[in-house]
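Here the structure is laid out as structure tokens; the discussion comes afterwards.
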Amino acid sequence: MLLSGHSAAVYSLKFSPSGQHLVSSSFDRSILLWDVYGECRNYNVLKGHKNAVLEVQWTVYSLKFSPSGQHLASSSFDRSILLWDVYGECRNYNVLKGHKNAVLEVQWTYDSAQVVSASADKTLGLWDAENGDRIKKFAGHSAVVNSCCPVTSGPTLLVSGSDDCTTKLWDVRHKRAVKSFENKFQVMAVCFSGDNSQVIAGGLDGDIKIWDLRKDEVSTVLQGHSDIVTGVSLSPDGNYLLSNAMDSTVRKWDVRPFVKGDRLLTTFLGARHSFDRTLIRCGWSSDMRYVTSGSADRYVYIWDADTGNLRYHLPGHTGSVNEASFHPTEPIVGSCSSDKNIYLGELAEM
């Protein structure tokens with residue numbers, strides 16, 4: 001099979017993690033994306049470089065354990081979502097296909113039955129985790145959807161954040177967003193409050209806004225980050241928020257109602273961001289003793305959630321670690337990276 005499309009020398013060629021696609025780069029300053037099977041068509045051309053593109057890599061952007069702890073979901077630049085068994089041979093038991101561009105974040109619903117995805121194709125997806133079918137596609141954003149999050153109980157509501165400078169609330173029983181909140185800057189990371197009455201959104205300006213869903217207004221603004229917020233994660237008890245930003249800090253905030261004074265409790269140092277602006281996410285252990293984050297320096301960072309002391313500095317990846325996630329019941333941390341790999345590691349003491 002001969003793949004034709006570049007107009008000059010080809011320098012780099014990589015298979016996607018799913019094996020379904022190829023990416024190539026060239027002296028002609030373009031990056032071409034190809035289907036591997038069938039007609040091996042060139043399905044996308046990425047342009048913007050002002051000189052030869054010497055190297056390309058597929059990136060795994062997001063990684064989440066199911067609430068049951070039995071499975072893992074990962075999403076990638078190759079437009080796919082892979083579902084994995086956590087135990088035994090850790091086999092890839094399903095591939096969810098349907099997005100037309102990179103899948104930037106995945107989340108599980110609280111019952112582990114469904115997966116939610118946010119994509120650069122401007123849509124969100126709701127998927128059946130057992131048979132792999134896409135249950136619903138949510139279209140309404142006018143730009144890349146950077147982040148998504150389902151509620152932790154009750155009827156399935158979703159929140160999303162986008163480069164179109166909006167945070168949207170979705171009810172899976174309806175096709176269109178039920179609420180849309182305007183922001184001055186792009187929204188990079190979102191989650192719900194503990195009682196699902198508020199949505200939390202971090203953005204390009206470094207601020208974290210908490211929107212009251214009853215009043216449709218901002219109730220609180222958390223300020224302190226000096227660069228883009230790339231990840232937010234609510235603690236299991238709903239009282240604290242973890243945020244990650246391109247100022248190379250991870251921060252713990254008190255988001256309980258009626259708290260007076262400074263809500264910033266702890267700043268965690270060590271993890272790094274790079275100039276490629278990857279959305280590096282963060283997360284909590286189920287007992288809230290530890291917090292974790294990926295890092296552009298290829299390490300997984302784990303800190304004591306109260307003292308801020310670094311407890312683990314885990315090597316292994318050869319590219320930026322884009323997300324690290326704790327298993328819900330076991331002393332296991334998972335990580336995904338721009339090196340296309342997913343690692344599961346057992347911690348000695350937690």
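Phi angles of the range 326-336 translate, via the Karplus equation with coefficients 6.51, -1.76, 1.60 and θ = phi - 60°, into HN-Hα couplings of 8, 5, x, 10, 10, x, 10, 10, x, 9, 10 Hz per residue; Gly and Pro are given as x. Between F185 and T307, the contour length at 0.36 nm per residue exceeds the alpha carbon distance by 40.7 nm.
Here's how it looks for T59: its modeled amide H is under 5 Å from those of F77, D78, which are all 5 or more places away or on a different chain. Computed extension gain for S219 through N239, at 0.36 nm per residue and net of the alpha carbon distance, reaches 5.6 nm.
3J(HN,Hα) couplings calculated from phi for the range 206-213 with the Karplus curve 6.51 cos²θ - 1.76 cosθ + 1.60 (θ = phi - 60°) are, in sequence order, x, 8, 10, 9, 10, 9, 7, 6 Hz; Gly and Pro show x. Dividing the radius of gyration of the alpha carbons in the range 157-239 by their Kirkwood radius gives 0.95 for Rg/Rh. Look at where the Cα atoms of the range 258-293 and of the range 81-141 average out, and the two centres are 25 Å apart.
Using the Cβ-Cβ distance between R256 and K100 with R0 set to 56 Å, the FRET efficiency works out to roughly 0.85. Here the simple spin-label model places points 7 Å from the Cα toward Cβ, and for D85 and M288 these points are separated by 3.5 nm. Among S233, S117, the ranking by other beta carbons within 10 Å of each residue's beta carbon, starting with the fewest, stands as S233, S117. Residues whose amide H lies under 5 Å from that of V151, counting only those 5 or more places away or on a different chain, are L157; hydrogens are built 1.01 Å from N in the peptide plane.
No value in this document is a laboratory result; all are computed from the given coordinates. Here the structure is a predicted model, which is why all the values come from computation and not from measurement. Every residue, glycine among them, receives a Cβ derived from its backbone with ideal geometry; neighbour counts consider all protein chains shown.
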